[in-house]
Structures are given as structure tokens and as C-alpha cells.
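K.L.:
Starting off with a structure, shown below.
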Amino acid sequence: MTIKKFLPFSFLLILIFCLNFSASAQSKNYSISGKVIDDDLGVPLEYATISITKPNDADFIDGGVTDVDGNFSIPVPSGTYNIKVEFISFESKNFNNRQVNSDLNLGTIELGFSSNSLDEVVVRAETTEVEVRLDKKIHNIGKDLTTAGGTVADALNNVPSVTVDLDGGISLRGNQNVRILINGKPSALAGFGGTDILGQLPAEAIERVEVITSPSARYDAEGTAGILNIILRKENTLGFNGSVTLNAGYPDNAGISTNLNYRTDKFNFFNTSGFRYFDAPGNGFFDTRYNENSRSDFERIVEDREITRLNRGFNTNFGVEYYVNDQSSLTASIFLRTGEDEDVTTNITDNYLNGTKVFGTTRRENQMEEDNSFQFALNYINNLDDKGQKLTADFQYEKDKETQTTIIGENEDYNTIDYERFLFGENISQKETQNEFLIQADYVLPFGEDSQFEAGYRGNFENEVTDYAIRQESEDTGELVLNENLTNIFDYSENVQALYTQYGTKFGDFSFLLGLRLENTNLKGEIDSELTEEELQEEFGFPIDTNFDNNYLGLFPTVNLIYELAERENITLGYNRRINRPRGWFINPFPSRSSVNNVFQGNPNLQPAFSNAFDLGYLKRWEKLTLTSSVYYQNETDSFERIEQNIAGTNVIRTIPVNLSSNERIGAELGLLYNPAEWLRLNGSFNFFQFNTEGEFNEVDYSAENTSYFARFSSKVSLPAAIDWQTNLFYLGAAEGVQGTQEGILSIDLALSKELFNKNATLSFNVRDLLNSRKRESFTSTTTFDRFSEFQWRERSFNIAFVYRFNQQKREQDRRRGENGNGDDNGGDFEG
């Protein structure tokens, strides 16, 4: 990174510490300080109100609000005070007649949920709590039995509005263009250019998931579907506490993870570490029938694929929070991850003529992968006054390195027609390195009782280099020779800088949050290949710019509104404009091959897509029933679509992403949470969506209309002897795409758990995909071929997990569930 890029950040740090120094020297008053948390989940309560009065002076009143970490510090002259701590939907706490003649630290103040306060829409559960905010829904992950011993991806698949497909791709309301953040920022924890690591991190590492379908201006404009912000666990209770999780299962699955925390008055040390070893077998089947337009050598090709995956990975996240003074704190954290994987894919291919098998091969691909991730993050918070004025600054650096070595061999099984084709072996090496810097500053200025102004800057500078080399067996000598047509180095940079401002206020029953974000996107790429641009165009069939530098400047407005119809009823309305930037592997034109006949190829001509989205929500609560619903509309221009083509004169089917002209999406969500008895909790959600795609590529019209849906149902039964039984059902409806259809997918998970050792430990057993039915069946039809395919990423699995917690507060969720008539897994699709 150049000195010029660092100058604004250096100036910012100087400004921050100057403000900190001045704030520390402002007053000789004593301070009343503390931290406010939810006594159930242990999470900080932001914007809790602190009221300070004098018992003998009715005219004196002072106070403030807590920050994002639940901390507060209020200067007062010496004297005797009554102190009241309040938060909407929680029971308040009073500290009366407190003598202040030195700094008074009230420590950690735990507030419990109030069954009589319903101003804020909060639904609590033993497994998952859902909290509805003006611009997001917060799912606090609890004891979801079906994900015990599972991964972050497993936990996300149980969050309403979210689906995780068979390839590990994450969708929000059926749209895969989701921005994944970790602790509010892009992170190495979210994967190397994708979400692969989410299938390795333990589910127990998650504290909560924020589903943001109408993001405010403080968030990146990336992600036309919205944002999933994954918050990792960090305890704040004084002393030493934590938990240890052991799990084992079949197919081979073993792991251990720890979540440890040590808190003093000045420091908070936290660490989450885990090791995981697992085998995830999968399979695939492809039946392709060619017509006279294809000029293929065969009329039909059938591929039967078996996949074994052996994954071993270790990750650790260590951090320390230092409370500089009553106004400011500094947090530093380091994340490390190492992984060693080995995947073996066996592909048996049968080639047909006149309905008869005439030529057969077995192709074996052995892919070994080593990946390492390092991330360092700094966060500085300065509460500039006791009214809530705050300045925060973040710096983050991460480096990822991934090395893949693939050995491919192919043997002839039979040949009844003396078909001449040289079956050559291949050795492929691919090295990816990624460096990323993030610089961010945010300023908050409250004024009046219910209004707040925010402004900030974020710079994200990312560079990714892919070094790809392929050596193929020579027909003449039998030696491995470098294929110069495919060997290349792809250097890709994505630099995004943004300024934002937003204003929110509340008057009466009406609240709104208005924001505007200005973003400049710079996408640069350079292809180092032995081929010229003209030769690349001839090789791949479309123009290729080997050295591109594109800039996009855009304004992204956001509007979020809430109107309280009654104490238990409200309406929400959101609007936002978003961008979908093509990632590196979508741009790299050099193909990756899953078989000789099926390749994926990036498109360096891809341009960003832009969308405008509206969301209207309604929520209504009764004593034992909660109803949530929403309808949404999105119009995306230059949307990405994957097109399958038969390369002329060959058997090869190529998949390539292209910009189509538009994608119009409309949908609706409905969620029901019903608690007929203390021992039974039922939860269901339904998401329906339809999209219309219009556009053409290479003079072929790919316009299509698709209607689909997905539904969830969950039940949890509390049995005698502290045993819980949970059942989750998920169904993804059939869908149509621009070139074919996909059948529906049904998945059922079952789980049992038993509390042990005075509820300090939990033993659980679960079965994922009970019917082994989580398979994707699809049919593709083009002018040159028709293809049926079936794919299963992971087969049915069994898992047993043991969790032991020490020095942690016992939760009062059972009591609250009885008082409030709420609670269960997933919490419903709360879009309100």
C-alpha cells in the first residue's frame, strides 16, 4: 500500500488520540460507570438509559446511554445520587442513595427480560432469540440441538430467510448475492474469496447472526440480496469462564473447540479455538444427450461421480480489550487458521452411440490443498462526552494463502468402436495469495432525546494473485509438458472507498433512519499469459482485455421506517440501492475443470450489477402466537447469470457468467411462532419468490420466469428428566432457470439432548438429513444438448456432542419461556 493511502489514516489516528486526551482532561468530576448486559445471553445492551437524580433536589437530573459494548461513564460532582438503569423490554434496576466522593464503578449490571414491556419487538427462545431493529434482525444463536457439533454453515442454514445450498453457497431469500461480514467487517473468517471456511468453523463460535435485508448507509453497498453479519462469541463476565465442546460422528467426524474468557477491571482477554477432522463424502450423476447441432462424437455421455473429502483444520481467535479510561477502550485481536484437505473424485464415463455403450473411461482426480489465513485487527472507541457522542476507528490486515495440487489420471475401460482419443494425465498447481487492508472511522452525534446523526469513512483495499500452471502428458513422449495456452498468472485488485452519512429520529409512534453512501469502486486486472489478446479471444470465443482498470462511482441511498400501530403491532418500510461486484474467480477466463466434458470459465468482461429494493413488513403479537410477514421487490440491472454452452465441435459443456439486461424479483415471507404449552414450541416460516430475467448473450435469448419457495418447520418438546427433542424440516421448492429446471429438495434433521451436572453440561445427539434426500436434481435444455444431473454435496451424518461450561451464569430461559409464551429455534422470519 502506498504512503499516499496511509496519510488519511495517520491523520485520523492523531485526531483520535488528541480528542481522547482532551476528553480525559475535560472535568475534575467523579465518574459513575459500568456495563449493562442481557443476563440471559450475556450480550451488551447498546443504548440502555442511565438516569441520575438527587434524592433531595428535584431539579437535578443527569444521565446518558450505553455504547455498542454496553459501557457507560457519566461525570458528576460529589454528592448522593439515585441511579436508574433501563432498557426497552427489560426490567430496570435502581441504585439508590449512592454516595459519590470518588469514582464509582457499578460493575456489570445484568438486566432481565420483562414480560410487561413490549415496546420493542423481541422474541426470546431457548435455542435462538430474534430481535428486530430499525435496519436489521438479530438472531442470537442458542442451544440449537440440530447444529451441535456442526459448523457455521449448518447454523446459518437454520436462520430464517437464509439457505445454504449443496455447494456451500449462501442465499438470502433465494438470492446468492449476499455480503458476508464477520463482526461487522470483511474478514478472512468468511473464506478465501467465498464461504468455504464457514463449513469448517464450529457453530459454537457464533454468538449471533444479523440478517440485514434493508441495510442502512453505515454498511457496505455490496450484496444486492443484503448482508449477513456473523458476530463471534466474546464473554464479558468478570473472572475466568468458558466452555469446552467435544464432538464425534459418522461419516468420520471429530473435533474439539474451546471458548475462554478472562475479565478484569482493566482488561478483557478472550479466545476461541478449534480443531476439526471430518470426511464429507458426496456424489454426482450427469446424463447429457447431444443433438445434430452439437457435432459431438457421441449421442449421449453419462458420468457417474463419487467424491471423498478429508478435511483437517485448526483455527484460533485471540483478543484483548484494554479499557484506557472511562471514555475509551482499545481492542486488538489475531485470527489464525490452517487447513489441510484432500479430495478424491472418481468419474466413470460411458459414451453411447445408437443407444449402446461404445467407449468408457475412469477418471481419477486427487486434489490436495493447504491454506493458511492470518488476520490482525485493531478497534478504538472514544466516548467524547456523556451524551453519547462517540468516535470509533478500525484497522484490519489479513493475508490468505492457498496452495492446490491436483493429479489427474484417466484410464480406458472399454472401446468397441476403436475410438481414437489419447487419455493423458495432468498435473495442476494453483497458488492463490490475497492481501487486504481495511481502514474505517465512524462518528456518532446524538442530539435531543430521540435523534442521532452518523457519518463515516471506509476504505477496503484487496489484491489477489492466482498463479495457475497445468502440465499434460505428451502423446509422443509420455512426459508431462507445460500447456502454455492454459498456464497463466491472474493479478486482480478490488479497491473500494466510501463516505456515508445518516440521520435517525423518533417522534410519537413513528421512527425513521435516512442515509446516503458514496462509493468508488476500482477493479483492476492483469493476465500474464503466453497468448495474445487475439489468441485468447480465438481460444475462448469472446473478446478478452488482458489489462483492465475500471472505476465506478455511485450513490446509494437508504430509507428505513417503523410505525407502531399498537403496543404489539407495527409496520416497517425499507428502501436501498445496492451493488454486486464480480469476484476474482468470476472474472478469471482460464477454466477450472470438474471433468473432461464440464468446465467453468470466468468472464473478464463482467460489469457490476446494481439493484433497487423495497421491503414492507408487518408484525403482530398475541399471548401465545407471533405473526411476522413481509413483501419485497427488487430490480437488478446487468445481473449475473451462468450460461451453459456446448463448445462447437467438441463434447465439452462450458459454464460462463455473463451480464444479462435485467432481473426483476418479487417475494413474500410469513413466519409463525406458537407456544401452546411450556413443554411444546412450534415454529414455521414460508418464503415465496418469483423472478423474471430478460437478456441475451451471443444472439441467444435467455429470458426466463421462475417461481419458487422454501419452507421451514421446527418443533421442540421438553421431556421429563431434562431431555429435549427437536425436529427441523426444510423444503426447497422446484425452480426454473434461464436454461432449465430444478426439482424440490427435502431435508429433515432430528436431535436429542440431556442436561447434566446441574445444567453445567449438555450431551446431545443429532442426525442431519435423516432421509439422505438433500440432493439437487436439475434438467438443462439448450439448442445443442439436454442434460439431467443429480448432485449431493454431503451424505446423511450422525453426530454426538458434549459441551461443558464453567463459571458461567445459569440462564433463566425456562422461566422466561413460561412467563412470555415465547421461544424456539429460529424464532420465525421476522422482517418487521
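Read-outs throughout are calculated quantities, based only on the coordinates presented, and are distinct from any laboratory measurement. Here the structure is a predicted model, which means the values were calculated and not measured. Using ideal geometry, Cβ is built from the backbone for each residue, glycine included, and neighbour counts are taken over all protein chains shown.
K.L.:
What is the percent of Cα-Cα separations in region 481-620 that go past 27 Å?
P.N.:
Details: 4543 of 9730 pairs.
Value for region 481-620: 47 percent of Cα pairs lie more than 27 Å apart.
K.L.:
Taking neighbour Cβ counts within 10 Å as the exposure measure, how do Thr628, Thr572 sort from fewest upward? Display every interim value, and only then the final one.
P.N.:
Working: Thr628 27, Thr572 22.
In increasing order of surrounding Cβ atoms, one gets Thr572, Thr628.
K.L.:
Using the 2.2 N^0.38 Å rule of thumb for compact globular proteins, work out how region 237-340 stacks up: its C-alpha Rg over that value, please. Walk me through the numbers before you get to the answer.
P.N.:
On the way: Rg = 25.0 Å, N = 104, 2.2 N^0.38 = 12.8 Å.
Ratio of Rg to 2.2 N^0.38 Å for region 237-340: 1.94.
K.L.:
Further, regarding this structure: So how far apart, in nm, are the two label points at Leu565 and Asp549 if each is 7 Å from Cα heading toward Cβ?
P.N.:
Placing both labels 7 Å along Cα→Cβ, they lie 5.6 nm apart.
K.L.:
Here's another thing I want to ask about it. Rounded, prolate or oblate, given the Cα gyration tensor of region 313-386, with a/c below 1.5 counting as rounded?
P.N.:
Prolate.
K.L.:
Based on alpha-carbon atoms only, what is the radius of gyration of region 707-773 relative to the globular estimate 2.2 N^0.38 Å?
P.N.:
Computed over Cα atoms of region 707-773, the ratio equals 1.57.
K.L.:
Place a point 7 Å from the Cα of Leu246 along the Cα-to-Cβ direction; which residues of region 787-808 have their backbone N under 17 Å from it?
P.N.:
Answer for region 787-808: 799-806.
K.L.:
Over 12 Å, how big is the tail of the calculated P(r) for region 470-519, in percent of all Cα pairs?
P.N.:
Of the Cα pairs, 78 percent sit more than 12 Å apart.
K.L.:
To the nearest 20 Debye, how big is the dipole of region 693-734 about its Cα centre, given +1 on the beta carbon of each Lys and Arg and -1 on that of each Asp and Glu?
P.N.:
So the dipole magnitude of region 693-734 works out to roughly 660 debye.
K.L.:
Moving on. Work from the charge dipole of region 128-820 (Cβ charges, +1 for Lys and Arg, -1 for Asp and Glu, about the Cα centre) and give the residue of Thr741, Gln375, Gln537 farthest towards its positive end.
P.N.:
Of the options given, the answer is Gln375.
K.L.:
Once R0 is set to 25 Å, what does the formula 1/(1 + (r/R0)^6) return for the Cβ-Cβ distance between Asn758 and Leu625, expressed as a FRET efficiency to the nearest 0.05?
P.N.:
The calculated FRET efficiency here is 0.15.
K.L.:
May I ask which residue of Phe713, Gly223, Leu625 lies farthest towards the positive end of the charge dipole of region 128-820, with charges of +1 (Lys, Arg) and -1 (Asp, Glu) on Cβ and the Cα centre as origin?
P.N.:
Leu625
K.L.:
To the nearest Å, what is the center-to-center distance of region 312-365 and region 519-542, using C-alpha atoms only?
P.N.:
Cα centroid of region 312-365 versus Cα centroid of region 519-542: 27 Å apart.
K.L.:
Using the structure shown, select from Lys716/Lys754; Lys136/Lys775; Lys35/Lys84; Lys620/Lys759; Lys390/Lys506 the pairs with a Cα to Cα distance greater than 23 angstrom. Write down the numbers at each step before the final one.
P.N.:
Values: Lys716/Lys754 13 Å; Lys136/Lys775 32 Å; Lys35/Lys84 13 Å; Lys620/Lys759 34 Å; Lys390/Lys506 20 Å.
Over 23 Å apart, Cα to Cα: Lys136/Lys775; Lys620/Lys759.
K.L.:
Would you mind checking the radius of gyration and Dmax of region 581-685 based on alpha-carbon positions, in Å?
P.N.:
For region 581-685, the Cα-based Rg and Dmax read 22.0, 67 Å.
K.L.:
Show me 519-530, 406-417, 489-500 ranked by packing, highest mean number of other Cβ atoms within 10 Å first.
P.N.:
489-500, 519-530, 406-417
K.L.:
Would you grab the residues whose amide H sits under 5 Å from the one on Gly695? Only those 5+ places off in sequence or on another chain, please, with H modelled 1.01 Å from N.
P.N.:
Amide H neighbours of Gly695, under 5 Å, 5+ apart: Ser661, Tyr702, Ser703.
K.L.:
With just the Cα atoms defining each centre, how far is region 385-456 from region 630-704? Give it in Å.
P.N.:
Value for the Cα centre distance between the two parts: 23 Å.
K.L.:
While we're here: Applying a 10 Å radius around every beta-carbon, put 578-591, 293-306 in order of their mean neighbour count, most first.
P.N.:
Working: 578-591: 20.9, 293-306: 18.4.
With the highest mean Cβ count within 10 Å placed first, the list reads 578-591, 293-306.
K.L.:
Eigenvalues of the Cα gyration tensor times 5, then square-rooted: what semi-axes does that give for region 128-820, in whole angstrom, largest first?
P.N.:
Working from the Cα gyration tensor, I get semi-axes of 43, 30, 27 Å.
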